[in-house]
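Asks: First the structure, then my questions, so here it is.
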Amino acid sequence: KNILPVGCRTARTRIAAQAGRHASLNPKMVGEEDAAAWVNAVLAEAAADGGTVDSRIASVSLKLQTMSADLHADVDADMRALLAAAPRAVGEIEDLQAALQRVQDELAAVDARVARAVRNATEAATLEELN
């Protein structure tokens, strides 16, 4: 049974899709987390598009702020969902512990019956030997 709410599993998908739409904003699309290479690639796009560096920086900054706000909202929603699911998870753990205790009690009772049966069989064999 999955304890994580559905929202927690889908937030990562939304974030990945958002980063994919803005490939130029995703440092992993440019290189292995090399910040200087990523910045140079973003600025090179401004030169290639014929725009000014200042306008490209402003555009990228606004997109990053928007992505950051979306990410923050997703993380916040996921944390609220996890906190809401915590009491249910604790209740399920307590139920499992109680079920485990019942199984252990039943096994102990079966073990005691088997021990009695073995003792009775041993006593019967001893009585038969004496006859």
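Asks: Taking the stated definitions as given, is Thr66 closer than 21 Å to Ala77 by Cβ, assigned to a helix (DSSP H, G or I) and either modelled with pLDDT of 60 or more or among the charged types (D, E, K, R) (or both)?
Replies: The answer is yes for Thr66.
Conditions tested, residue by residue: (1) open to solvent by less than 80 Å² (accessible area, probe 1.4 Å); (2) in a helix (DSSP H, G or I); (3) free of Cβ contacts under 8 Å to residues at least 24 places away in the same chain.
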position: Ala58; (1), (2), (3): yes, yes, yes
position: Leu82; (1), (2), (3): yes, yes, no
position: Ala86; (1), (2), (3): yes, yes, yes
position: Ala99; (1), (2), (3): yes, yes, yes
position: Asp111; (1), (2), (3): no, yes, yes
position: Ala117; (1), (2), (3): yes, yes, yes
position: Thr122; (1), (2), (3): yes, yes, yes
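Asks: If a residue has to be modelled with pLDDT under 75 and open to solvent by 70 Å² or more (accessible area, probe 1.4 Å) to count, how many in the range 36-47 make the cut?
Replies: 1
The values are calculated or read from the model by the stated rules, or taken from the named source; none is laboratory data. Fair warning: this is a prediction, and the values are worked out from it, not measured in the lab. Using ideal geometry, Cβ is built from the backbone for each residue, glycine included, and neighbour counts are taken over all protein chains shown. Only protein heavy atoms, including side chains, enter the accessible area calculation; ligands, DNA and RNA are left aside. Shrake-Rupley method; radii C 1.70, N 1.55, O 1.52, S 1.80 Å.
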